[in-house]
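All remarks here apply to the structure that follows.
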Amino acid sequence: MRQLTELELTQVSGAGDIAGAAIIGAAIGGGICVGLASAARTTGTVALAMAIVGAAGMSGLLASGQVAWEVGEWLNTNTQIQSWIGRAIDSVV
């Protein structure tokens, strides 16, 4: 079996850039809140406000998750964090 390239790993894991995570989060959050507003039978203005709040909240959440992922990748690349974690686990067990 062949080894995956770094590009293939990125595509499989779904990792993208921070802006992409924010856009996806905005779409998901806005859609959820519009659905909730519709179920509550609110007016158009309230539904729009809920969509904006949901989009802002979810985009921030997914963008922060992407930032954390990229920090982890940087730590893996530039430090010996894997061996530090391994030694810490071995000392506990």
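The values are calculated or read from the model by the stated rules, or taken from the named source; none is laboratory data. All values derive from a computational prediction rather than experimental measurement. Every residue, glycine as well, gets a Cβ built from its backbone with ideal geometry; the counts of neighbours run over all protein chains shown.
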Among residues belonging to the range 39-52 that are β-branched (Val, Ile, Thr) and in a helix (DSSP H, G or I), point out the one that is modelled with the highest pLDDT. Ile52
Hits in the range 24-38 - residues which are at pLDDT 85 or above and surrounded by fewer than 16 Cβ atoms within 10 Å (Cβ to Cβ): Ala27, Gly31, Gly35, Leu36
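For Trp74, are the conditions met, namely being surrounded by 15 or more Cβ atoms within 10 Å (Cβ to Cβ), part of a helix (DSSP H, G or I) and of a type in the set (Phe, Trp, Tyr)? Give the steps one after another, and end with the answer.
On the way: surrounded by 15 or more Cβ atoms within 10 Å (Cβ to Cβ): no; part of a helix (DSSP H, G or I): yes; of a type in the set (Phe, Trp, Tyr): yes.
It is false that Trp74 is surrounded by 15 or more Cβ atoms within 10 Å (Cβ to Cβ), part of a helix (DSSP H, G or I) and of a type in the set (Phe, Trp, Tyr).
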So Ser59 ticks every box in (1) farther than 15 Å from Gly29 by Cα; (2) under 19 Å from the mean Cα position of the chain (by Cα); (3) among the hydroxyl-bearing types (Ser, Thr, Tyr) but one. Which box is left unticked? (1)
Are any of the residues in the range 6-20 part of a helix (DSSP H, G or I), modelled with pLDDT under 85, among the hydrophobic types (A, V, I, L, M, F, W, C) and surrounded by 14 or more Cβ atoms within 10 Å (Cβ to Cβ)? yes
Return yes or no: is Ala55 at pLDDT below 85 and part of a helix (DSSP H, G or I)? no
Any residue in the range 68-93 that is farther than 22 Å from Asp17 by Cα and of a type in the set (A, V, I, L, M, F, W, C) sitting within a Cβ distance under 7 Å of a residue that is modelled with pLDDT of 85 or more and surrounded by 11 or more Cβ atoms within 10 Å (Cβ to Cβ)? List the pairs, counting only those 6 or more apart or interchain. Ile81/Leu75
